[in-house]
1. Let me confirm something: among A:PHE145, A:PHE107, which residue is under 21 Å from A:THR267 (Cα atoms), open to solvent by 10 Å² or more (accessible area, probe 1.4 Å) and assigned to a helix (DSSP H, G or I)?
2. Counting only residues that are touching a helix residue (DSSP H, G or I) at 6+ places or on another chain (Cβ under 7 Å) and either farther than 21 Å from A:VAL279 by Cβ or free of Cβ contacts under 8 Å to residues at least 12 places away in the same chain (or both), how many does the range B:171-191 have?
3. Are any residues in the range B:25-49 more than 8 Å from chain A (Cβ to nearest Cβ), part of a helix (DSSP H, G or I) and more than 19 Å from A:TRP192 (Cα to Cα), and if so, which ones?
4. Looking only at residues in the range A:203-217 that are in a helix (DSSP H, G or I) and among the aromatic types (Phe, Trp, Tyr), which one is farthest from the other protein chains (Cβ to nearest Cβ)?
5. Can you spot a residue in the range A:40-62 that is within 28 Å of A:ALA258 (Cα to Cα), buried (at least 19 other Cβ atoms within 10 Å of the Cβ) and without any contact (Cβ under 8 Å) to a residue 60 or more places away in the chain?
6. If A:GLY94 satisfies all but one of (1) without any contact (Cβ under 8 Å) to a residue 60 or more places away in the chain; (2) within 14 Å of another protein chain (Cβ to nearest Cβ), what's the number of the condition it fails?
7. Just name the residue that is nearest to A:PHE146 (Cα to Cα) out of those in the range A:171-202 that are in contact with a Ser or Thr (Cβ under 9 Å, 6 or more places away or on another chain) and outside any helix (DSSP H, G or I).
8. Please enumerate the residues belonging to the range B:247-303 that are among the aromatic types (Phe, Trp, Tyr) and outside any loop (DSSP other than H, G, I, E, B).
Amino acid sequence: MSYSVTEPSGRQKWVAGILVVFYAVVTLLPLLWIIGTGFKSPEDAIAYPPKMVFQPTVEGYVNLFTTRTRVPEDQLKALGEPTTWYDKLVRKEGVVITGASRFAERFYNSVIIGFGSTVLCITLGTAAAYAFSRFKVPLKDDLLFFILSTRMMPPIAVAIPIFLMFRSLGLSDTHAGMILLYTAVNLSLSVWLLKGFIDEIPIEYEEAALIDGYTRFQAFYKVVLPQAVTGIASTAIFCLIFAWNEYAFAVLLTSGNAQTAPPFIPTIIGVSGQDWPAVAAGATIFLVPVMVFTILLRKHLLRGITFGAVRK
Amino acid sequence: MLHSPIDRVASATPPAIAARVKGLSDRAIAWLFVTPSIVLLLAINIFPLIWTIRLSFTNFRVNRPNAPIEFVGLRNYINILTDSDIWQSMQATAHFLIWTIVLQVLIGFSLAYLINKKFRGNDLWTTIIVLPMMLSPAVVGNFWTFLYQPQIGLFNYVVGFLTGNDPSSFSMIANTSLAPWAIVIVDTWMWTPFVMLICLAGLRSIPDSIYEAAECDRASKWRQFWTITIPMVLPFLMLAVLFRGIENFKMFDLVVQLTGGGPGSITELTSINLKRAAFEQWRTGYASAYAVILFVTVFGLASIYVKALNKVKQR
């Protein structure tokens, strides 16, 4: 009789399944709470006991994108009836919309800086990874370790000179400066991860291309690049997620112009104190892309977060 | 150079093709491809680091650019190492590091062990468990302050419901004895999946044949666990601890948003302390020395640890 001794019994599977599902539900609860709070009214958000069932509203989302103020009764009358649906939504208790908030701007900054640094990081990273994978680069191991070690530095430790450097180069609080900075931060991940992916592409493909008369460079972009597309895509998403979520540099080195969303979301306040539905709405808009990517990426997840040091 | 197969093939092909194969020489391409990355890293990582080291011996203050810069030798370093506040943040950081690692290793390994039982739907549940670590720590930290609100916060409500205490009777982030645990809980929630994934990779790397051999030798399940499973997963586990250790040593965003270092300075980890000195008190030289000490500490500890890791791997 042949069987795998590690194959668990039916009962073991049941127990394991129940414990894991329990943990997953506990993990999921705060996330669902964030998403749910985004659709609560401010009163429901701070109700006691916490409300599981509530009348959903997009008031939090409206508050997220607008600034509002409370006006006295007589001024309110002078303003006349609310004309738009979002005006109607906030008009209760005399609150009126006075303009747009800076969330859209911050989110736009996140997108520009996130994608800009990702593109740059992938371009530089792919080239370097290809060279490290295929050629005899002098001091290869030392260079690779050097690239990895740049990740060990606490952001605050280099923030002061970067702050000074950016100021004298006119890069402080600019998109270009942040793109360069995030590219440097993510480059170690990009090189290590892509080197792993390129190492797995058989070298014979390029040899065949070279025999067919391609130059090295042609062989690289006509043969190797198409083979590495999956690896490049997942590396890109990891770079994007790290740049997307970064906070320390964003809060220390940017203020008005190029600040991304993570430092902004916690500062969202309403007419009276922290507006939790609006914060939750901002967090949700900000979390959703990452959640989608995570689900798409689950196969490459382990590699991505460990720089390819562990393969599943 | 006739070492690589490519060169041999190239030299065996007719001259016309061989000439085209050359194009840019391999060496030129290697340099062309590697240089931009190295230059960028030198400019944005190494150059600032050297600058930090230089500033650490001065009394420079960013907010007083016109004041003369004086060389003060090791004074900043001496001031830091004799400052009791800094030792307190070191302690807070150590406490945070030890507890997060212990909890994450225990829970992460247990989860990986359970998930490895390959029950139905385990891919879906694994993906759900992994979600928190992909989120922005600052946003997550901020939202957890809401979950930790007395009475209205979900965390307090659930704990109150389970233990029978009044949910408004305790505040995780305003109480000096609870605040360190508040950050340990959130960090564990976020990063246990990381340890779990690595352990899972470790468990899946153990060939079945080893267990079959042990079964033939009539080794008990318990014995198999301690003499096969644990030693085989250990290198993976140690790698997970290394990554978590480095990350949590640098921990900033989550804690800044969650407790801001408070109440008092009970959760003021070294990086928060450093940020205060550098960007609130603007003691640039002093903060640079502090940064150098932290970097040397993490680099030193990591190097010693990697040596130990390599020994375990070789066994």
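1. Unique residue meeting the criteria: A:PHE107.
2. The number of residues fulfilling the criteria is 4.
3. Within the range B:25-49, B:ALA28 is the sole residue that qualifies.
4. Filtering the range A:203-217 for residues that are in a helix (DSSP H, G or I) and among the aromatic types (Phe, Trp, Tyr), the one farthest from the other protein chains (Cβ to nearest Cβ) comes out as A:TYR205.
5. Yes, the range A:40-62 contains at least one residue that is within 28 Å of A:ALA258 (Cα to Cα), buried (at least 19 other Cβ atoms within 10 Å of the Cβ) and without any contact (Cβ under 8 Å) to a residue 60 or more places away in the chain.
6. A:GLY94 satisfies every listed condition except (2).
7. A:ILE201
8. Hits for the range B:247-303 are B:PHE249, B:PHE279, B:TYR286, B:TYR290, B:PHE295, B:PHE299.
The values are calculated or read from the model by the stated rules, or taken from the named source; none is laboratory data. All figures in this text were calculated on a predicted structure; none of them were measured in a lab. Every residue, glycine among them, receives a Cβ derived from its backbone with ideal geometry; neighbour counts consider all protein chains shown. For accessibility, only protein heavy atoms count, side chains too; no ligands or nucleic acids. Shrake-Rupley method; radii C 1.70, N 1.55, O 1.52, S 1.80 Å.
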